[in-house]
Every structure is written in structure tokens, then in C-alpha cells.
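The values are calculated or read from the model by the stated rules, or taken from the named source; none is laboratory data. All figures in this text were calculated on a predicted structure; none of them were measured in a lab. Note: ideal-geometry Cβ built from the backbone for every residue, glycine included; neighbour counts use all protein chains shown.
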Amino acid sequence: MSNKVTIQNGKLQVPNHVTIPFIEGDGIGRDISEPAQSIVNAAVEAAYSKERSIEWKEVLAGEKAHKKTGEWLPAQTIDTFKEHIVGIKGPLTTPVGGGIRSLNVALRQELDLYVCLRPIRWFKGVPSPVKYPSTVDMHIFRENTEDIYAGIEFMTGTPEAEKFKALMKENFGLDAVRFPDTTSFGIKPISKEGSKRLVRAAIDYAVKHDLPSVTLVHKGNIMKFTEGAFKNWGYEVAEKEFNKQTFTWRQYEKIASEQGAEIAKEKVKEARKEGKIIVKDVITDAFLQESLLRPYDHSVIATMNLNGDYISDQLAAMVGGIGISPGANINYDSGFAIFEATHGTAPTIAGTGQANPSSLILSAALMLEYMGWNEAAEHIYDALEHTFSKRKVTADLFTLMEGATLLSTKEFTNEVVKNMH
Ligand code: NAI
């Protein structure tokens, strides 16, 4: 029998004994990859005894791939991810110079992984800069394929920038450009398809996980036809495709202007009683403030690439930082998904035993949930929480926690496994 994940009639089929490809990663990737796998193996065994298991299949990328094959991202690695549908990776160095693209961006583009999912939750015992960290429970859906990340930029003084400037001057004038002689240009593509599939995935996730709201975060007051359009397309998806499951802020405003605010407020109450998801929108700067002051007001966050980048790190910091935040890159149509540590290769601590493996461990738990192996994921969450609440932590959290015991990556891993039983 095949041990590969497959897609049948649009649904993920996961065999009980499954092969999962993984990229070890550079820098601390080498320190955290094996610990994360041993914790996942222990969780799967604790949940299903011998009935289910994971066989880990290494694929090459980054420095290891370059040393062994001369390539940073061999085609075989992409093929293996495509063949197995679900995979996991450690952090990869972005090779400097030589026009080599970021390996992470390349992987996302090759597999069209349009959602970057970052769940943000607090684990009891973890130091946090917010007053009530237990109220933080957010799920970020960051668009992964568009926005200024498309890399359409022209450096001032280059022939490309001159050409672009001439095109602009001829067609639109240059009045809006304050210093045309020394200006670099960047282009921000935001499409209807790209926005709609992202918001569709976010609402669908809220429906499946029984979450109360979806917030569209945008700067549409300034960027009307890109970020503003994202907001409108997002509302369209909610109102047309999830009409029965959602109530939007746009619908509220329409009722309020036609029938008065009192009736509109009643409609919101009714929608809440019926268990409908409230879809609203917030301007990015206001969101950054609100998410700190009233985190409980936001559940699923749907936003574009750059906003998503900033928001992810702020929200991660609210629950203990990038060392313990999980991430996934997913295409909800094809099913392809690569789960990953959200931090980089941390070269200054690589090989010292100081790395916190929790980000990769939690990403693996997210992968188990994606595969429908929720019981194993729960074992991981419980064991981690238990370990943090006993104040047994790696160096990154040690300095922030009073009365903590400092553990190396390996000791922390052993402690988590011990706490699973
Ligand atoms: P970084 O995330 O590697 O490090 C930032 C800071 O956080 C450092 O002080 C580091 O020691 C600390 N840190 C990160 N992860 C930690 C962990 N698990 N445990 C304890 N401390 C941790 O970001 P930086 O320095 O900007 O990037 C280093 C390299 O990583 C670059 O080549 C960059 O391109 C790459 N990178 C790769 C990513 C990926 O593969 N997804 C994401 C971000 C950066």
C-alpha cells in the first residue's frame, strides 16, 4: 500500500503509515530538525500506539544541497514535495549575491502556496509583554504570492528606472513624483483572484474551526485600488459565497444607513446568536494598535503579503516571539502544504545547543492537524504547555522568565517527550 498523502475528490487522504519529506534547514535547522521529529514521533505513538506512524524522508535544499549537488534548490526536492503533497522544512539561508532568489520564496512560488498561515496562541507560563496573554488567539492568513513581494522594482539611475519613468511621464504624467531625478520605483500587484482565494480560505477556516470573526486588514484609505480593492473583494466573497455563514460589516453599514443604527445592531446580535461569522475590516495601523489593546476582538486575520509580514511578528512577540511561533504555506485548492519554522537560521547560535525548537515543533503539530491527526497534535500542545509552566526553557525564554531552569535544545526536547507520558 502507498504511504504517500494523496488528494481524492479534493480531499486529503492520509495513510496510517505515512512518508513525510523534510528539509533539515541551515544554521539552527540542523539543531532543531531531529528534536522536532522525535517529539512528533512520540506524540503519534502516544495518540495511536503502533496504528499510525511517520517515516521521515530527507530532501535537500540550502547549504547542504549546494555542497552535495551544486544547486541550492534541486528540482528533485520540488518534485518530492509535489509527489507527497505535505512536507516540512527548517529555516534556509538566503544566499547573498549572484542573483539567487530566496529559497523560501522560490518554494512558495513553485508550489503556488498562496496562504501563509500563522496561528498565534499563548502557552501558559510563557513570558508575554501583554497584560492578558490568555486572550490572544489569532490566526493570520497572509497572502503569499502577490504584493510588493513580486519583486517588480527599479533602482533610480538604472536604464530600467529611466524607461519606467518615461512610460509614466508619457501616459500619466510625473506630477505625483516629488523628486523624479532620484526616485526608485516599485510596483504592487494585487489581483481579484489572488485576494478572493486568500479570503475564501480564511473564511472557510473560520467556518471549519468554529471561529467568531474574520478581520480584513488593509490600508485601503491610501492604496484604494490595491488594498482598498482587496477589502471589497473580500466582502464580496463573504456575501456571495458564504452568505449563510457570515454577516459583514458592510451589510451592517447598509442596514444602518437605510433603516437606522438600532435595527443594524439588532441584526448583528441576531447573526451572533445564529453562530454567524462576523466579517469586518480594519485599517492596518489601527489594527496594530487594536490587536495589542483588545486582542480578543480578532480571531482570523486575512491580509496581504506586506501587512501580513509586519502583523505576524508583532502578534508572535505578544505570545513569546518567533522562537515559538509556527507557520505553514498552503494551497487549499491543490492541497500542497509546507510547514515551517517561522524564524531564520540564527547563525550566531547555530551548533551551540541554545536554539528553541518550539517553532518547528508547533509547525509540525499544525501539520498533524492538517493531516487530521488532531489527537497527536493535542499531545504536543499539552506537553509543551506543561514544560513551559514548569519554567523549563531554552536560552531565548530563560532571560525573560523568573525562576526558570535553563535547558539546551536537547534537554528541552527530552523534557517535552517526558511530559507527554
Ligand atoms: P533569525 O530569525 O535567524 O534571527 C533573529 C534573532 O532571533 C536572532 O537573535 C536569533 O538568534 C534569534 N532566534 C531565531 N530563532 C531562534 C530560535 N529558534 N531559538 C532561539 N533564538 C532564535 O533572523 P535573521 O538573523 O534575520 O536571518 C538569518 C538568516 O535566516 C538569513 O539568511 C535569512 O535570510 C534567513 N531567514 C530564513 C527564514 C526561513 O527560512 N523561513 C526566515 C527568516 C530569515
Test result for K231, buried (at least 18 other Cβ atoms within 10 Å of the Cβ), assigned to a helix (DSSP H, G or I), modelled with pLDDT of 95 or more and among the basic types (K, R): yes
Any chance F388 is of a type in the set (F, W, Y), more than 15 Å from A36 (Cβ to Cβ), part of a helix (DSSP H, G or I) and in contact (Cβ under 8 Å) with a residue 24 or more places away in the chain: yes
Criterion: surrounded by fewer than 23 Cβ atoms within 10 Å (Cβ to Cβ) and over 24 Å from A355 (Cβ atoms) - qualifying residue of K64, K57, K131: K131
Checklist (1) closer than 27 Å to V105 by Cα; (2) of a type in the set (F, W, Y); (3) out of contact with any Ser or Thr (no Cβ under 9 Å at 6 or more places or on another chain) applied to F339, failing item: (3)
The range 320-346: number of residues that are of a type in the set (G, A, S) and either surrounded by fewer than 22 Cβ atoms within 10 Å (Cβ to Cβ) or part of a loop (DSSP other than H, G, I, E, B) (or both): 7
Check on P119, in contact with a His (Cβ under 7 Å, 6 or more places away or on another chain), more than 16 Å from the ligand (Cβ to nearest atom) and not aromatic (F, W, Y): yes
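Is it the case that the range 327-345 has a residue that's within 14 Å of the ligand (Cβ to nearest atom) and under 13 Å from R121 (Cα atoms)?
Applying the first criterion (within 14 Å of the ligand (Cβ to nearest atom)) to the range 327-345 yields 327-329, 338-345.
Then keep just the ones that are under 13 Å from R121 (Cα atoms); that gives 327.
The answer is yes; a qualifying residue exists.
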Which numbered condition S363 misses (of (1) among the polar types (S, T, N, Q); (2) surrounded by fewer than 18 Cβ atoms within 10 Å (Cβ to Cβ); (3) within 15 Å of the ligand (Cβ to nearest atom); (4) under 21 Å from W122 (Cβ atoms)): (2)
The range 294-319, residues that are hydrophobic (A, V, I, L, M, F, W, C), farther than 14 Å from I120 by Cβ and in a helix (DSSP H, G or I): L306
Odd one out for F388, checked against (1) more than 10 Å from the ligand (Cβ to nearest atom); (2) in contact with a Leu (Cβ under 7 Å, 6 or more places away or on another chain): (2)
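When you scan the range 1-103 for helices (runs of 4 or more DSSP H) that lie fully inside it, which ones turn up with 3 or more residues that are under 30 Å from D382 (Cα atoms), within 12 Å of the ligand (Cβ to nearest atom) and modelled with pLDDT of 95 or more? Let's see the steps before the verdict.
Details: elements: 29-48, 62-69, 75-84.
Per the criteria, 29-48.
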